[in-house]
Amino acid sequence: MDEVDVLIVGSGPAGSVAARYAAMKGASVMFLERRPTVGVPVRCGEFMPSDEEILNMFPKLKDMDSLFDIPEELRCLNTVGIDLINPDGKVTVLDFNGYTTDRDRFDQYLAKRAQEEGAVLSTDHAFQKIEDGVARTSKGDIKYKVIIGADGPGSMVARNLGLQKNRNPYPAMTAQVKGDYGNHTQMFFGGIAPGAYGWIIPKDGRANIGVGMSPKFSNGTLRAYFDKFVDKNGLEPVTKVQGKYVPSEGPIPKTVSGNGMVVGDAAGQVISVNGGGIPLAMIAGRICGNVAADNINNGTSLQAYETEWRDIMEKPLKLAAFNKKLADTFAFRSDFTTKMCMGILGKRRMGNLIRCKRIFP
Ligand SMILES: Cc1cc2nc3c(=O)[nH]c(=O)nc-3n(C[C@H](O)[C@H](O)[C@H](O)COP(=O)(O)OP(=O)(O)OC[C@H]3O[C@@H](n4cnc5c(N)ncnc54)[C@H](O)[C@@H]3O)c2cc1C
């Protein structure tokens, strides 16, 4: 039977960053990925906010260390704005700096950084359950001292640890198109993507397009909405359409149980109003990896992870979840209410909404 200090399930941003930091502190780390290749297929809008925007959202994140040192070759295009488009096509332009990436190469880079610190990656390798204190996996049992669930929105590790699963995640679909789409992210609201939004996020001579929707506001399949969005905007996908769920209600109540922790989408660490989760998975992944190693090295309680990530991220994430509920109640009922609410909010308040800030004093 394999034996490790820290067993991590998932090689997305949360898992790879946790693996890197735990290994940097000397813990023996194995991270499992059920897919044959890390990051493939891509199921993401591939947008990353700038460091300044991340700090604006999470001002308590004091030390970024080398967390967001993403090499130039992984930055496809620097973007400078977000166009919020109402159901009539009226555009509100927000200044917002960020960049787009290729999520497959991005995730592979983060996994490589973890391996360079000594973490062992095992692909095509699925976690199945925890039984008698060991992890049963598709390649045999693994004994661990600490287990980390970085296994995405439908986390099996969370369930096995007795932690709450994400409630009401919404489905989203994405594909790539060719062409020049400027340097602003476009977000389309209304019946075209009920309860969420459609997007065109420019890359270098390409763009990532997609649609998310909330089943409670929809009367068709996500694929039907996606096809309608593509037709309406004259888009021609050049890749297979890929879908996945996005946590929509903010963090789960507890992220630590016994000798286990959950992180990233598995913990609901996603901005409810826009579905962004990559930077959050990385911020929490670093804390999680550090605490796992401290637990191994000197018995630090895993509760330190809960305390630390909540100190940095909980308030903005809860505010975003509250704002999403307001949008569900007042804006997403129809095109008319969406238009009206976007008009009432105006540019400044919609900027606050996107940045996890209060929209009313
Ligand atoms: C369509 C879409 C568009 C998005 N666009 C953006 C965006 O533009 N910007 C942004 O910041 N966020 C975006 N997000 C959210 C973002 O993708 C997630 O928040 C982020 O990927 C979370 O990282 P993670 O490591 O927690 O989980 P994931 O990236 O989901 O990684 C989890 C990994 O665990 C593996 N896994 C799962 N179960 C097992 C198992 N049993 N055994 C072994 N391995 C397992 C999975 O295969 C996966 O590789 C988007 C999400 C969707 C669905």
Counting only DSSP beta bridges with both partners in the chain, the antiparallel fraction in percent, to the nearest 5, comes to 65 percent
Any lysines whose Cα falls less than 17 Å from that of LYS62, other than same-chain ones fewer than 8 residues away, would be LYS315
Segment 101-136 and segment 180-204 have their Cα centres apart by a whole-number Å value of 31 Å
To the nearest 20 debye, the chain has a Cα-centred charge dipole, built from +1 on Lys and Arg Cβ and -1 on Asp and Glu Cβ, of 1260 debye
Of the listed links LYS145/LYS165; LYS203/LYS240; LYS165/LYS318; LYS129/LYS165; LYS324/LYS347; LYS318/LYS357, those spanning more than 21 angstrom between alpha carbons are LYS145/LYS165
Against the 2.2 N^0.38 Å rule of thumb, the C-alpha Rg of segment 174-235 sits at a ratio of 1.09
Of all DSSP beta bridges having both residues in segment 1-153, the percent classed as antiparallel (nearest 5) is 60 percent
Listed by chain and number, the residues whose amide H is under 5 Å from that of TYR99, excluding neighbours fewer than 5 places away on the same chain and using placed H, are MET48, SER50, THR79
If every Lys and Arg gets +1 and every Asp and Glu gets -1 at its Cβ, then about the Cα centre segment 253-361 yields a dipole, in debye to the nearest 20, of 740 debye
Subtracting the Cα-Cα distance of GLN128 and PHE360 from 0.36 nm times their residue separation yields 79.0 nm
So, with points 7 Å from each Cα along the Cβ direction, the LYS315-LYS178 label distance in nm works out to 4.9 nm
Pseudo-spin-label distance VAL93 to ASP141, built 7 Å along Cα→Cβ, given in nm, is 6.3 nm
Segment 265-294 and segment 320-361 have their Cα centres apart by a whole-number Å value of 25 Å
Dividing the mean separation of Cα pairs under 8 Å (6+ apart) by the residue count of segment 176-270 yields a relative contact order in percent of 22 percent
Per the charge dipole of the chain (beta-carbon charges, Lys/Arg positive, Asp/Glu negative, Cα centre), the residue among SER138, MET282, MET350 reaching farthest to the positive end is MET350
Given Cβ charges of +1 for Lys and Arg and -1 for Asp and Glu, the option among THR221, MET313, MET57 whose Cα lies farthest towards the positive end of the dipole of the chain is THR221
Taking N as the number of residues in segment 181-305, the ratio of its alpha carbon radius of gyration to 2.2 N^0.38 Å works out to 1.35
If unit charges are put on Cβ atoms (+1 for Lys and Arg, -1 for Asp and Glu) and the dipole of segment 5-145 is taken about its Cα centre, the option from PHE47, VAL93, ALA22 lying farthest towards the positive end turns out to be ALA22
Rounded to whole angstrom, the alpha-carbon centroid of segment 228-253 lies from that of segment 1-64 at a distance of 22 Å
Ranked output for segments 231-242, 19-30, 291-302 by mean other Cβ atoms within 10 Å, highest leading, reads 19-30, 291-302, 231-242
In degrees rounded to 10, the 0-90 angle between helix 13-24 Cα long axis and the longest Cα principal axis of the chain is 30 degrees
So the FRET efficiency between GLU73 and PHE322, C-beta based with R0 = 30 Å and rounded to 0.05, is 0.20
Quick calc, segment 126-179, dipole around Cα centre from Cβ unit charges on Lys, Arg (+) and Asp, Glu (-), nearest 20 debye, gives 120 debye
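No lab work stands behind these numbers, since they all come straight from the coordinates. Quick caveat, the model's predicted, so the values are computed rather than measured. When we count neighbours, we look across all protein chains shown, and the Cβ atoms used for this are built from the backbone with ideal geometry, even at glycine.
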